[in-house]
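The values are calculated or read from the model by the stated rules, or taken from the named source; none is laboratory data. Here the structure is a predicted model, which is why all the values come from computation and not from measurement. Because the Cβ atoms are built from the backbone with ideal geometry, glycine has one as well, and the counts that use them run over all protein chains shown. Note: accessible area is taken over every heavy atom of the protein model, side chains too, but ligands, DNA and RNA are not part of it. Shrake-Rupley method; radii C 1.70, N 1.55, O 1.52, S 1.80 Å.
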Amino acid sequence: MSNETIQRRGLMLVLSSPSGAGKTTLSRQLLDNDSQISLSVSCTTRAKRASEKDGVDYHFVDTASFRGMIERREFLEYAEVFGNYYGTPRGPVEATLAQGRDCLFDIDYQGTRQVREKMGSDTVTVFILPPSMKELRARLERRAEDSREVIERLLENARKEIARWKDYDYVIVNDDLQRSFDDLNAILRAERQRE
Ligand code: 5GP
């Protein structure tokens with residue numbers, strides 16, 4: 001037998017959900033608890049929120065720079081969401097996977113479809129559902145980050161996004177954060193054992 005070790009190529013874990021379903025909290029918990037996975041930091045043309053850091057939450061860029069990146073084929077996927085561009089830079093993802101590390105994506109259903117088409121069997125997709133529309137509204141109101149008008153728009157959009165849950169490999173109904181986190185870990189552990 002040779003001493004050659006088998007270099008495992010990392011997998012790509014895609015999380016999607018409507019705003020307010022708990023996806024950000026779940027991804028942070030995962031990143032804090034699992035040293036094998038890194039977050040893919042997206043580029044966006046939307047304005048930075050007060051709580052966000054450039055280079056950590058997103059790379060905030062203007063529309064001209066974003067278009068330049070599209071032309072130079074620097075994105076693994078990109079999409080327009082709520083009138084802004086969002087895209088996943090290809091380079092960091094390829095570097096992470098080549099090291100045998102896993103990559104976590106927080107992207108919408110349009111991006112998920114493109115990643116799956118390009119990367120195929122290395123992709124695992126998970127949709128996080130809120131327990132109900134009533135609970136989603138209550139969470140958005142509790143978060144107190146958005147105006148009433150924005151909340152109505154987020155809920156309208158949530159209905160459209162939720163309709164896509166069937167396109168995903170796994171669905172987690174987030175009515176208890178700890179249980180959802182355990183489920184997410186179980187999915188990741190099982191997928192890592194796949195041949
Ligand atoms: P937000 O502006 O609230 O941070 O994100 C709005 C939506 O854009 C979320 O559904 C988020 O998952 C999605 N999103 C964030 N980054 C990307 C990306 O790089 N590509 C795509 N396709 N969607 C993204």
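Taking the options Glu71, Glu77, Glu94, name whichever one is open to solvent by 80 Å² or more (accessible area, probe 1.4 Å) and modelled with pLDDT of 95 or more.
On the way: Glu77 fails: open to solvent by 80 Å² or more (accessible area, probe 1.4 Å); Glu94 fails: modelled with pLDDT of 95 or more.
Sole residue among the options that is open to solvent by 80 Å² or more (accessible area, probe 1.4 Å) and modelled with pLDDT of 95 or more: Glu71.
Does Ser147 qualify as being polar (S, T, N, Q), within 15 Å of the ligand (Cβ to nearest atom), at pLDDT below 95 and closer than 26 Å to Asn174 by Cβ?
yes
Only one of Lys118, Lys134 is within 16 Å of the ligand (Cβ to nearest atom), open to solvent by 60 Å² or more (accessible area, probe 1.4 Å) and out of contact with any Lys or Arg (no Cβ under 7 Å at 6 or more places or on another chain). Can you tell me which?
Residue meeting the stated conditions: Lys118.
Examine the stretch 164-172 for a residue that is surrounded by fewer than 17 Cβ atoms within 10 Å (Cβ to Cβ), touching a residue at least 12 places away in the same chain (Cβ under 8 Å), touching a Ser or Thr at 6+ places or on another chain (Cβ under 8 Å) and assigned to a helix (DSSP H, G or I), and state whether such a residue exists.
yes
Tell me the strands (runs of 3 or more DSSP E) entirely within the stretch 1-112 that contain at least 3 residues that are aliphatic (A, V, I, L, M) and in contact (Cβ under 8 Å) with a residue 60 or more places away in the chain.
12-16
Could you list all residues from the stretch 16-49 that are aliphatic (A, V, I, L, M) and within 13 Å of the ligand (Cβ to nearest atom)?
Ala21, Leu26, Leu39, Val41, Ala47
Within 27 Å of Ser180 (Cβ to Cβ) and in contact with a helix residue (DSSP H, G or I) (Cβ under 9 Å, 6 or more places away or on another chain) - does that describe any residue in the stretch 60-67? If you could, list the steps in order and put the result at the bottom.
Taking the stretch 60-67 and keeping what is within 27 Å of Ser180 (Cβ to Cβ), we get none.
Within the stretch 60-67, none of the residues are within 27 Å of Ser180 (Cβ to Cβ) and in contact with a helix residue (DSSP H, G or I) (Cβ under 9 Å, 6 or more places away or on another chain).
Which residue is most open to solvent (accessible area, probe 1.4 Å), if the candidates are limited to the stretch 23-62 and must be closer than 18 Å to Met12 by Cβ and among the hydroxyl-bearing types (Ser, Thr, Tyr)?
Ser35
If Val56 passes every condition in (1) in contact with a Leu (Cβ under 8 Å, 6 or more places away or on another chain); (2) more than 12 Å from the ligand (Cβ to nearest atom); (3) of a type in the set (A, V, I, L, M, F, W, C) but one, which one does it miss?
(1)
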